[in-house]
Amino acid sequence: MTVNAVVQLALFLGVLLAAVKPLGWYMARVLEGGPGAAPLGLGRVLGPAEPVIYRLCGVRPGGDGKPEEMGWKAYAVGILLFNAAGFIAVYGLQRLQHVLPGNPAGLGPVEAGSAFNTAVSFVSNTNWQGYGGEVTMSYLTQMMGLGVQNFVSAATGIAVLAALVRGLGRREAHGIGNCWADLTRVTLYILVPLSAVLAVGLVSQGVVQTMRGPAEAVLTAPLAGADGKAVAAQVIPLGPAASQIAIKQLGTNGGGFFNVNSAHPLENPTAISNFLEVLAILLIPAGLCWTFGEMVKDRRQGWAVLAAMVVIFVPLLAATVGLEQAGNPGVGALGVDLAASAAQPGGNMEGKEARFGVVNSALWATATTAASNGSVNSMHDSFTPLGGLIPMWLMQLGEVVFGGVGSGLYGMLMFVIVAVFIAGLMVGRTPEYLGKKIEPFEMKMAAIAVLVPCAVVLTGTAIAVLTPAARATVSNPGPHGFSQVLYAFSSAGNNNGSAFAGLGANTPFYNVALGLAMWLSRFWIIVPVLAAAGSLAVKKSAPVTSGTLPTHGPVFVGMLVAVVIVVGALTFVPALALGPVVEHLQLMGR
Amino acid sequence: MSIAATGKSPFAVPNPSSPASSPRPRGPGRRGVFDAAIVRPAVVSALMKLHPRVQARNPVMFVVWVVSVLTTGLAAAGLAGRGEVGGYSPGLVLVIALWLWFTVLFANFAEAMAEGRGKAQAASLRRSKREVVAKRVEARPGPAGATDVKSLRPARVSASELRRGDVVLVEAGDIIPGDGEVVEGIASVNESAVTGESAPVIRESGGDRSSVTGGTQVLSDWILVRIGSNPGETFLDRMIAMVEGAKRQKTPNEIALDILLAKLTIIFLLACATLLPYSIYAVGSAGAGGGGAAPITVTVLAALLVCLIPTTIGGLLSAIRIAGMDRLVQANVIATSGRAVEAAGDVDVLLLDKTGTITLGNRQAARFIPVDGATVEELADAAQLASLADETPEGRSIVVLAKRHGLRERDMHALGFDGRPASFIPFSANTRMSGVDLPDAPAHPGGRQIRKGSADAVEAYVARMGGRASEQARAVVADVSTRGSTPLVVADGKGRTLGVIELKDIVKGGIAERFAELRRMGIRTVMITGDNPVTAAAIAAEAGVDDFLAQATPEKKLELIRQHQRGGRLVAMTGDGTNDAPALAQADVAVAMNSGTQAAKEAGNMVDLDSNPTKLIEIVRIGKQLLITRGSLTTFSIANDVAKYFAIIPAAFAATYPALDALNIMRLNPSTAILSSVIFNALIIVALIPLALRGVAYRPVEASKLLLHNLVVYGAGGLIVPFIGIKAIDMVINGLRLV
């Protein structure tokens, strides 16, 4: 790695880790506070809205003035109903956008398969996009459908996490919080204010925010169009982009306003906007680790989980940067200078924006797949085979290295249960985490949560490569084509949303198959996680003795890292061997 | 242990200084791991266990069983000339199928070995359960000592006809026909059949030595025993059932581990099953350099699957469980369930009785401290007189101490005068004093009364006799108490306080080290004693316990246990008295002494046949070992998979993607690499049988150190061993041209 790369990555990690504690503290206050209460004066500004929302929604107050506590089943039903309603709304908006207002470009209704896929995609916080935003979705659909889901799907993840953390922190309790209150408070006090701040920052860098229709620019020299006629003007799509981009980054959504996502100059114009956007990807997932420690009244536990994430993230980040910087030996063999210098970034620049270069493209690719964000500022399809393997594998790990807002940490806590179980046995005690004994029920729920994404990715890819219609839209032959399909299902099956761009995914097969994959891995994890939360909440908490395995020390962090990596590696080694690994070996052997 | 108990059987005092050392061999004695007498039937049993119904109990091994059937079918098809396209020769497929079957058989063998060891144990127990003739008496025996044994007309019945509540006469030479309680008489009993201890023990009616076990033999005298259990429910039966039935019940920990293993199996099943479509796609689109290769064969997928799923732990799981129970039985402990044993590994708090556990059973007189001008000789003389009839160990130790002060032993009967005997006042819980009233005699005109007892009781006596409480005695009493000793105050009938006898508790040698060991295991020790808080604190400090409960009553004990449990702690205790029963029933791990009462044994969930209160340490160790063995072998099993991928993936796809040969870092022969992996996978089960039976060693160190140690040994070891093992097997196969 170049000095420039080390400085940039260190700056990024430094700012990210510095933000963990204040943001984590703030989010803990929000998740534990009563109606209208929020720190930093936000309670005074936004608080009055909260009781009004509860009254409109019919949320009953409990004994302590907070909304009534729910058991895990009620909580799960609430979350599922809320998401089902969101699905119907997004689907309906897309199908009816031609008769609804807010459509200055006069776009027609979205095709049914694509509308289904997009609705699942945005509700499940995946934001896989089989369509090009600026030529498919009206402003109303973007704002009221996709924009709203950007907020509430993120809020869903944080709410479920809050329920699980309460389950771990409480003793002999039956309630794990109120899902309506959690959804409301997370949106009102965390997502809206943060997005507003970020959106203003982005606008300052030149990201567009307008309700006007597309702009037209007169070309200085006319070009010949595809049909041979002279083209004198360029149509530049605009729209209310900054507000959407802020939440798409912060809420690990990733669904871009424009087709090429954050590679688009109006979505991500400068180095500063790039830094802010990539920071926003990991900001909340990292901060939630601290929130977790705060809420279970043992901050070391939060640091330990964050440490495990960082320990996996940093080497993979360095490897991606190194691999992309090394470039393609095939290109080097043609006599092209691949070395970085003051005059050029060097390395593999195919599919990368010149204004971001190798380091910021690789950083973004690693961050966006570590977190289940899925926005891109470069085309992962064009990465070197191993440079593309790392983002794919980060998704296949189950999106638990930072992961989605809330969902990353609750997924990681499921891995913690597995790690604690094996580690507990190895020290000769019935395994316990935060004093809660891990028994068959928790183990079953953790097993489902870990198993579902693996199963979805593997079987989805298997079905696709046997289906002629699915094979037909693969752009490259051989192992790279296989990687494209595997990447698509890894992305959908872990609610990431990024794509190996070569795959033509807006087909009936992929719209349905990937839609189902997104749906399964979102809700078949949420339900077991909430069930585990309910089961943990009613347990007694065993006191700590010298025989208790400390889950905040380096040994356990190492154990957790090993479990995540081993499960991820053992599951996907054969598939990866047939995709990026063989592609790499062939490239080297040429 | 009951608070009132003053001592245990004088015959069979457990040896507390070496309780953690291995228990004595019993029955067939300690066996080597591969004892021919056990191996031979185990081989037969391993074959019998191939029945699918047996296999279905273990999800991991069931998958191996199904895959073995499938591969055998493929081999048969190959031999019939219909083998898979591009697959191995039928002979090689057959060899792979055979080794897959060996994998199942080796797992069966491991289980059969463990069962065989248990069965040998049970058989030796059963030998002691021969058919006994019982002498049933119809009449309910009268008050103590009232029955004339010769007047009883016992009916001779078979022991198996006895029911709960029957009373039987057992005389010298007879075998006690069933578990029960002595209702009358006293006898010495040889309990070696159950305890392995050859020294006889005393059993008598009343108190805490009244319990007898069926199958033991009365050596002298006679006793009337009320039978406490119906046929088939005696301790021997329970012990045999536990040894033989260990394979049936699964603990919650095992169920959770089963779920984890099933999850891993499903993941690998998916990873292998989806490889076929991936391979078909790869062959179809390989283009660059994949000329004309066939997709991966089902044989290779079957072999890959069996190598990847956690067969090592899956195959040894039941052997580990059975061997754990076997170790417990060898430690002379009967548990009612495997759950109780595992709970022992989780114990946070251990309640121990002071007397007999922490201190030697008896306090001993250590010093005479005269007060108010009395001389030491005067005090010694009075103390001796008051203790002559006192048969308690404390009483005897006072006489012994007096002797050292130059006083001869006196004859109790010579104390009388003129036909009026001296009358001895025995100790009672009400008066808390004992003593002697001497008749009027020239040596002491007007008679002489001497009392010894607890400070406040004697003070009250002195006041009754018109004397004044001695300030000096009070000071001495306080001083003695702070030293952890028990003060006995001696006074005479004239209201004069003579002095104080210091009774010292003798803390057992080596006990402090054991508590330190418990502390390292993360277990708090709490001493339970009837002593006052000052005495208790001193002994607690000397013995090194973490906490104590003074002036304990059964209610206080129960409350203490509940209080700890409310805090989420797991409490273990040992006990033997009837008044321990409620606390034993409340504790999570309750070990009753076999010498204890029937009520105590019923209330506990384990019985220690050696009646050794520090046996709990051993039980905790066995419980922890069980879990550690499971966890370590699970880690080992999963870590093995890394090497297997490196062996199988390049070999399986060598034809489609020759470039993948770069992953063949072991430089295996591609045509034998898969067979070598399968053979390694089967042999590692056999290699680990001794470890599964013996258990992974437990060291009482900090949990994270223990984890690190086991991770290095079994995690890193599990990564490295298969690389060496598979390479070695591949070299042997190719060196000998076996294929």
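The values are calculated or read from the model by the stated rules, or taken from the named source; none is laboratory data. Please read these numbers as outputs of a predicted model, since none were measured by experiment. In this analysis, Cβ positions are derived from the backbone assuming ideal geometry, glycine residues included, and neighbour counts consider all displayed protein chains. Keep in mind that these areas ignore ligands, DNA and RNA; they rest on the heavy atoms of the full protein, side chains included. Shrake-Rupley method; radii C 1.70, N 1.55, O 1.52, S 1.80 Å.
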Practice problem: With N set to the residue count of segment A:1-57, report its C-alpha Rg divided by 2.2 N^0.38 Å to two decimal places. | Solution: 1.79
Quiz prompt | Reachable aspartates and glutamates, given that their alpha-carbon falls under 19 Å from the alpha-carbon of B:Lys49 and they are not under 8 places away in the same chain | solution = B:Glu111, B:Glu115, B:Glu244
Quiz item: For the pair B:Asp437 and A:Glu172, how long in nm is the line joining their label points, each one 7 Å along Cα→Cβ?
Solution: 5.6 nm
Quiz item: Nearest 0.05, what FRET efficiency do A:Val314 and A:Ala84 give at R0 = 41 Å with Cβ-Cβ as r?
Solution: 0.55
Practice problem: Determine the relative contact order of segment B:342-499: mean sequence separation of Cα pairs under 8 Å and six or more apart, normalised by residue count, in whole percent. | Solution: 20 percent
Quiz prompt | B:Val183 long-range amide H proximity, modeled H, under 5 Å | solution = B:Leu224, B:Val225, B:Arg226
Quiz item: Where a ≥ b ≥ c are the square roots of the eigenvalues of the C-alpha gyration tensor, would you call segment A:227-363 rounded, which needs a/c under 1.5, or, failing that, prolate if a/b is larger than b/c, or oblate?
Solution: oblate
Exercise. Quick one: compute a quarter of the convex hull surface over the Cα atoms of segment B:454-507 and quote it in nm².
Key: 3.3 nm²
Quiz item: Where in chain A are the DSSP H helices whose C-alpha atoms run 24 Å or more along the long axis and whose mean Kyte hydropathy is at least 1.6?
Solution: A:407-426, A:440-466, A:554-576
Quiz item: So what's the back-of-envelope 222 nm ellipticity for chain B, counting only DSSP H runs of four-plus at -39500 (n - 2.57) apiece and dividing by all residues, rounded to 500?
Solution: -15000 deg cm²/dmol
Self-check item: Amide H contacts of B:Ala441 (H built 1.01 Å from N, under 5 Å, at least 5 apart or other chain)
Solution: B:Gly446, B:Gly447
Quiz item: Put simply, what bits of segment A:392-429 lose 20 Å² or more of accessible area when the other protein chains are there, versus the chain on its own (1.4 Å probe)?
Solution: A:Val418, A:Phe421, A:Ile422, A:Leu425, A:Met426, A:Val427, A:Gly428, A:Arg429
Quiz item: For the protein assembly as shown, with the dipole built from +1 on Lys and Arg beta-carbon atoms and -1 on Asp and Glu ones, taken about the Cα centre, which of A:Ile190, A:Ala38, B:Val329 lies farthest toward the positive end?
Solution: B:Val329
Quiz prompt | Zone residues, segment A:251-282, relative to A:Ala226, backbone N less than 17 Å from point 7 Å out along Cα-to-Cβ | solution = A:259-260
Quiz item: With a 1.4 Å probe, how much accessible area is buried between chains A and B, both sides summed, in Å² to the nearest hundred?
Solution: 5100 Å²
Quiz prompt | Ordering of A:36-47, B:656-667, A:266-277, B:110-121 by packing [mean C-beta count within 10 Å, highest first] | solution = B:110-121, A:266-277, B:656-667, A:36-47
Quiz item: Within the accessible area of segment A:481-574, what % is carbon and sulfur when the probe is 1.4 Å and the other protein chains stay in place?
Solution: 80 percent
Exercise. List nothing, just return the count: lysine pairs in segment B:398-539, 8 or more apart or interchain, with Cα separation under 19 Å.
Key: 4
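Place the peptides A:497-509, B:633-645, B:589-601 in order of packing, highest mean first, counting for every residue the other Cβ atoms within 10 Å and averaging per peptide. Kindly include the intermediate steps, with their values, before the conclusion.
On the way: A:497-509: 21.6, B:633-645: 24.2, B:589-601: 26.5.
So the order, starting with the most tightly packed, is B:589-601, B:633-645, A:497-509.
Based on the Cβ-Cβ distance from B:Arg163 to B:Thr336, what FRET efficiency comes out when R0 is 25 Å, to the nearest 0.05?
Calculated value: 0.65.
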Practice problem: Enter the Cα centre distance for the pair segment B:465-490 and segment B:68-121, rounded to the nearest angstrom. | Solution: 82 Å
Practice problem: Using the structure shown, list the pairs from A:Lys21/B:Lys263; B:Lys601/B:Lys705; A:Lys540/B:Lys556 with a Cα-Cα distance above 30 Å, or answer none. | Solution: A:Lys21/B:Lys263; B:Lys601/B:Lys705
Quiz item: Magnitude of the Cβ-charge dipole of the protein assembly as shown, K/R +1 and D/E -1, about the Cα centre, nearest 20 debye?
Solution: 1140 debye
Quiz item: When only Cα pairs under 8 Å and 6 or more residues apart are kept, what is the percent relative contact order across segment B:522-657?
Solution: 13 percent
Exercise. Would you mind checking the tilt of helix B:235-245 against the longest principal axis of the Cα atoms of chain B, expressed as 0 to 90 degrees and rounded to 10?
Key: 20 degrees
Quiz item: How long are the semi-axes of the ellipsoid equivalent to chain B, from square roots of 5 times the Cα gyration tensor eigenvalues, in whole Å, largest first?
Solution: 70, 29, 18
Quiz item: For chain A, what size does the Cα cloud have along each of its three principal axes, sorted from largest down, in whole Å?
Solution: 76, 57, 47
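Can you give the mean number of other chain Cβ atoms that lie within 10 Å of the Cβ atoms in peptide A:531-542?
Mean shielding by partner chains, rounded to a whole number: 1.
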Quiz item: When only DSSP loop residues count, what trypsin sites (Lys or Arg not before Pro) in segment B:397-480 have their Cβ near at most 11 other Cβ atoms within 10 Å?
Solution: B:Arg408
Practice problem: Quick one: which residues, 5 or more positions from B:Asp174 or on another chain, have an amide H under 5 Å from its amide H? H modelled 1.01 Å from N in the peptide plane, none for Pro or chain starts. | Solution: B:Val218
Quiz item: Among the lysines, which fall within straight-line cross-link reach of B:Lys557, defined as a Cα-Cα distance under 17 Å, with same-chain neighbours fewer than 8 residues apart omitted?
Solution: B:Lys354
Quiz item: Within the P(r) computed for segment A:511-567, what percentage of the Cα pairs occupies the region above 16 Å?
Solution: 70 percent
Quiz item: In peptide B:626-632, what is the residue-averaged number of other protein chain Cβ atoms found within 10 Å of each Cβ?
Solution: 5
Quiz prompt | Helix-only mean residue ellipticity at 222 nm for chain A, each DSSP H run of n ≥ 4 adding -39500 (n - 2.57), per residue, nearest 500 | solution = -19500 deg cm²/dmol
Quiz prompt | Cα-based shape type of segment A:291-370, given that a ≥ b ≥ c are square roots of the gyration tensor eigenvalues and the cut on a/c is 1.5 | solution = prolate
Exercise. Starting from the Cα of A:Ser204, step 7 Å along the direction of its Cβ; do the same at B:Asp418; then give the gap between the two resulting points in nm.
Key: 11.8 nm
Practice problem: Would you give the gap between the C-alpha center of segment A:290-329 and the C-alpha center of segment A:518-590, rounded to a whole Å? | Solution: 14 Å
Quiz item: By how many degrees, 0 to 90 and rounded to 10, does the Cα axis of helix B:471-482 deviate from the longest principal axis of chain B?
Solution: 10 degrees
Quiz item: What whole-number value in Å² describes the accessible area per residue of the protein assembly as shown for a 1.4 Å probe?
Solution: 36 Å²
Quiz item: In bins 10 Å wide, starting from 0, what share of all Cα pairs of segment A:163-322 does each bin hold, as a percent?
Solution: 9, 25, 27, 20, 10, 5, 2, 0
Quiz item: Order of B:43-53, A:381-391, B:507-517 by packing, highest average Cβ count within 10 Å first?
Solution: A:381-391, B:507-517, B:43-53
Quiz prompt | Förster radius 56 Å - calculated FRET efficiency between B:Arg464 and B:Ala123 (Cβ-Cβ, nearest 0.05) | solution = 0.25
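Hull surface divided by four, with the convex hull built on the Cα atoms of the protein assembly as shown: how many nm²? All intermediate terms of the calculation are to be shown ahead of the outcome.
Details: hull surface 260.9 nm².
If you wrap the Cα atoms of the protein assembly as shown in a convex hull and average its projections, you get 65.2 nm².
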Exercise. Any chance you could give the angle, 0 to 90 degrees and rounded to 10, that helix B:511-521 forms with the longest Cα principal axis of chain B?
Key: 30 degrees
Exercise. Calculate the mean, over all residues of peptide B:255-266, of how many other protein chain Cβ atoms lie within 10 angstrom of the residue's Cβ.
Key: 6
